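All remarks here apply to the structure that follows.
The values are calculated or read from the model by the stated rules, or taken from the named source; none is laboratory data. Predicted model, so just to flag it, every value in this text is computed and none were measured. Because the Cβ atoms are built from the backbone with ideal geometry, glycine has one as well, and the counts that use them run over all protein chains shown. Note: accessible area is taken over every heavy atom of the protein model, side chains too, but ligands, DNA and RNA are not part of it. Shrake-Rupley method; radii C 1.70, N 1.55, O 1.52, S 1.80 Å.
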Amino acid sequence: MTFQSLEFRIMENPGYGVKGLHAELRNDGLHYQTFWTDGLDGGIVDHPQDWVKDLEKLNIPEWKQLYRGKNPIHSTWQLEYQDGTHHARISGRDSCPECFSSLLNLMNRLSPDTNFRECLQ
């Protein structure tokens with residue numbers, strides 16, 4: 001089924017702020033809104049097919065519900081994902097699936113000024 005919406009939040013190295021993104025597919029395009037400690041961004045992508053296709057390649061409904069461990073990331077994050085048949089709530093602390101970097105790249109494609117990747121440094 002096709003992606004419908006997602007809500008993503010990540011806390012930078014503990015105590016340094018939260019970044020988030022809400023994206024929703026509607027008839028007129030992909031609507032998104034991002035927020036972070038010092039800003040806000042948003043807009044509509046008129047032809048989001050490539051972005052949605054890349055998101056669906058991540059196969060988020062197959063991710064575990066909980067990631068805990070000692071990976072090289074030092075962040076806490078939450079993801080809520082919905083498509084026509086799946087509603088997944090996933091979270092992690094200092095751990096993530098292998099394709100997590102690809103997810104952050106997709107977030108940055110919508111809102112480069114938010115720079116989700118810096119949360120992993």
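Quick rundown of the values:
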{"quantity": "Qualifying positions in segment 34-87 - outside any strand (DSSP E or B) and either in contact with a Leu (Cβ under 7 Å, 6 or more places away or on another chain) or among the hydrophobic types (A, V, I, L, M, F, W, C) (or both)", "calculated": "PRO48, TRP51, VAL52, ASP54, LEU55, LEU58, ILE60, TRP63, ILE73, SER75"}
{"quantity": "Residues that are buried (at least 19 other Cβ atoms within 10 Å of the Cβ) and not aromatic (Phe, Trp, Tyr), drawn from segment 53-67", "calculated": "LEU55, ILE60"}
{"quantity": "Hits in segment 5-32 (condition: open to solvent by 60 Å² or more (accessible area, probe 1.4 Å), assigned to a strand (DSSP E or B) and modelled with pLDDT under 95)", "calculated": "ARG9, MET11, ARG26"}
{"quantity": "Flag if ASP50 is under 17 Å from VAL18 (Cβ atoms) and more than 13 Å from the chain's Cα centre (by Cα)", "calculated": "no"}
{"quantity": "Subset of segment 68-98 [open to solvent by 20 Å² or more (accessible area, probe 1.4 Å), in contact with a strand residue (DSSP E or B) (Cβ under 6 Å, 6 or more places away or on another chain) and farther than 12 Å from GLN4 by Cα]", "calculated": "ARG68, THR76, GLN78, ARG89, SER91, ARG93, CYS96"}
{"quantity": "Of all residues in segment 33-52 being touching a strand residue (DSSP E or B) at 6+ places or on another chain (Cβ under 6 Å) and among the acidic types (Asp, Glu), the one that is surrounded by the fewest Cβ atoms within 10 Å (Cβ to Cβ)", "calculated": "ASP46"}
{"quantity": "Every residue from segment 110-121 that is part of a helix (DSSP H, G or I) and either touching an Asp or Glu at 6+ places or on another chain (Cβ under 8 Å) or modelled with pLDDT under 90 (or both)", "calculated": "PRO112, ASP113, THR114, PHE116, ARG117, GLU118, CYS119, LEU120"}
